[in-house]
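This report refers to the structure that appears directly beneath it.
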Amino acid sequence: MILISPSFHGSKRCHQFLEYACEQALKGESGALKERTVAIAVFGRPPQSDLGDDTIVRVGAREVRKRLAQYYVTPEGTAARVRIDLPSGTYAPEFHYATPVHEVEAVAPAESPSGMEPRRNSRTGMAVARGWWAKLPAVARGLKFWSANPNSRLFQKFWEPVFQSPGPLLVAVAHPIVYHPSKRVLEWSEGQQPPQGPAVQRPVQPPGQMVGSDLVPVLNQYVGFGDMVAASEVAAMLARKGKPVRLRMASSVEFADMQRTPSFLIGAVTNRWTMELQQNWRFRFAPHGVDTVIADSQSPGQEWSIPSKEDGSSPDDYFLMCRIKNSVTGGATIVVGGLKQFGTEAAGHLLADSDQLGGILHKLASGWESRNLQFVLHARVIGNTPAQPEVVASHVW
């Protein structure tokens, strides 16, 4: 049912990844599910491949986790008797049996005064006993994974203000301005022969024949790819933990919407609230000629930048990641934004991956849990895909 569901439709690699991982786990070979073995078996990488910069397995695992989260919020997924989870930090799936509603409601009165064994004086009690004890292996596995993975505890601490909030997380996505050609340009291009190739588009007038009015600004109708990935990764992670989100364009969000509620701001200069709330931060986005840089307000002249290219490509990117626990909004505010789309995409992967995020938080001094955090990170870009980032500067206050 899972592999033929709409959530997994059109992704042969996700089919192969999940099928291979489940087969190995059911054969008792979970310990062999390492990055290299998955790269060879699922993605056809040669055994001698350097996986340091090749993120195909990590990206594939994140995609499978996202699709599983999407499946389990559908009616078919909700009714499933067995749930498959792929915890962050591992490629070994876990299988959990669903609990019928009547058994959950009967659990409380089923415990005996001695605490040694559930009562068995009714058929309902027997059903409760069978349901509860059948789940002990899954619970034990979860506790074992939690205690053996300190990164998961740090990940939980980072997101705790969001998890503990009674309401949904407000996700405010950047609102870039996109320019369309005017009717005059489109009419001129009607009689032109369009170029051939995978990226077919209408030709436009030569630059010397165009005027400013030939570029028509279109507001609040487009979202950047990196912003979309960041929103999708975090929403899928929260869905796995039962936390809802509200997705809005930042341009339509008012300050009152963010008061006393957790917010997730995606984007740099294209997000009005990132630019508005950053005034008192140490690391800020700032204009530098035609480019944008990340500047250190406490060290004049210290900044991180990416030279502009007309085609938008870049061999690397810098991005800012913040968790402002004591925000002026009255609720926790998490912010990510790259100088280009690659950094924002890398930030989304980082925030949803307990191993990546926990590895960064592990290096902070104790007590960071109750304070504000800022990180400047750098990510190499390989084939238009960001590699795992590294921290180049941080600030805790």
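The values are calculated or read from the model by the stated rules, or taken from the named source; none is laboratory data. Just so you know, these numbers come straight off a predicted model, no measurement behind them. All Cβ positions, even for glycine, are placed from backbone atoms using ideal geometry, and neighbour counts span all protein chains on display.
Worth a mention:
- Unmet criterion (only one of (1) assigned to a helix (DSSP H, G or I); (2) farther than 30 Å from Pro87 by Cα; (3) touching a strand residue (DSSP E or B) at 6+ places or on another chain (Cβ under 6 Å)) for Ala231: (2)
- Scanning the range 32-51 for residues that are outside any loop (DSSP other than H, G, I, E, B) and free of Cβ contacts under 8 Å to residues at least 40 places away in the same chain yields Ala32, Arg36, Thr37, Ala39, Ile40, Ala41.
- In the range 9-29, the qualifying residues are those that are closer than 18 Å to Gly60 by Cα and modelled with pLDDT under 85, and the one that is surrounded by the most Cβ atoms within 10 Å (Cβ to Cβ) is Ser11.
- Residues that are surrounded by fewer than 17 Cβ atoms within 10 Å (Cβ to Cβ), in a loop (DSSP other than H, G, I, E, B), within 22 Å of the chain's Cα centre (by Cα) and in contact (Cβ under 8 Å) with a residue 24 or more places away in the chain, drawn from the range 365-397: Asn384
- Residue list for the range 303-357, restricted to those being outside any strand (DSSP E or B) and of a type in the set (Val, Ile, Thr): Ile306, Val328, Thr329, Thr344
- Subset of the range 244-301 (residues that are under 17 Å from Gly331 (Cα atoms), in contact with a Phe, Trp or Tyr (Cβ under 9 Å, 6 or more places away or on another chain) and hydrophobic (A, V, I, L, M, F, W, C)): Val245, Ala250, Val253, Phe255, Met258, Leu265, Trp273
- Whichever residue in the range 347-377 is among the small types (Gly, Ala, Ser) and in contact with a helix residue (DSSP H, G or I) (Cβ under 8 Å, 6 or more places away or on another chain) and, among such residues, is nearest to Asp291 (Cα to Cα): Ala347
- Filter pass, Ser308 being out of contact with any strand residue (DSSP E or B) (no Cβ under 8 Å at 6 or more places or on another chain), without any contact (Cβ under 8 Å) to a residue 60 or more places away in the chain and surrounded by fewer than 16 Cβ atoms within 10 Å (Cβ to Cβ): no
- Listed by first and then second residue, the pairs with beta-carbon distance under 6 Å, at least 6 apart or on different chains, first residue in the range 7-29 and within 13 Å of Phe95 (Cα to Cα), second part of a helix (DSSP H, G or I) and at pLDDT 90 or above, are Leu18/Val64.
- Candidate set from the range 289-302 (those that are more than 20 Å from Trp397 (Cα to Cα) and surrounded by 11 or more Cβ atoms within 10 Å (Cβ to Cβ)); member that is modelled with the highest pLDDT: Val293
- Enumeration of residues in the range 30-44 that are buried (at least 18 other Cβ atoms within 10 Å of the Cβ) and either of a type in the set (Phe, Trp, Tyr) or over 19 Å from Asp85 (Cβ atoms) (or both): Ala39
- Counting only residues that are at pLDDT 80 or above and either loosely packed, with under 15 Cβ neighbours inside 10 Å or part of a helix (DSSP H, G or I) (or both), the range 150-177 holds 17 of them.
- Residue among Ala393, Ala387 that alone is modelled with pLDDT of 95 or more, among the small types (Gly, Ala, Ser) and out of contact with any Gly (no Cβ under 6 Å at 6 or more places or on another chain): Ala393
- Condition check for Val59: in contact (Cβ under 8 Å) with a residue 60 or more places away in the chain, β-branched (Val, Ile, Thr) and either under 26 Å from Ser232 (Cβ atoms) or assigned to a helix (DSSP H, G or I) (or both): yes
- Residue match in the range 53-71 (condition: under 24 Å from Leu350 (Cα atoms), at pLDDT below 85, of a type in the set (Asp, Glu) and outside the structural domain of Gly348 (by TED's automatic domain parsing)): yes
- Qualifying residue in the range 240-252 (condition: under 22 Å from Ile324 (Cα atoms) and more than 19 Å from the chain's Cα centre (by Cα)): yes
- All positions within the range 372-383 that are under 15 Å from Leu339 (Cβ atoms) and either not assigned by TED's automatic domain parsing to the domain that holds Asn280 or not basic (Lys, Arg) (or both): Phe375, Val376, Leu377, His378, Ala379, Val381
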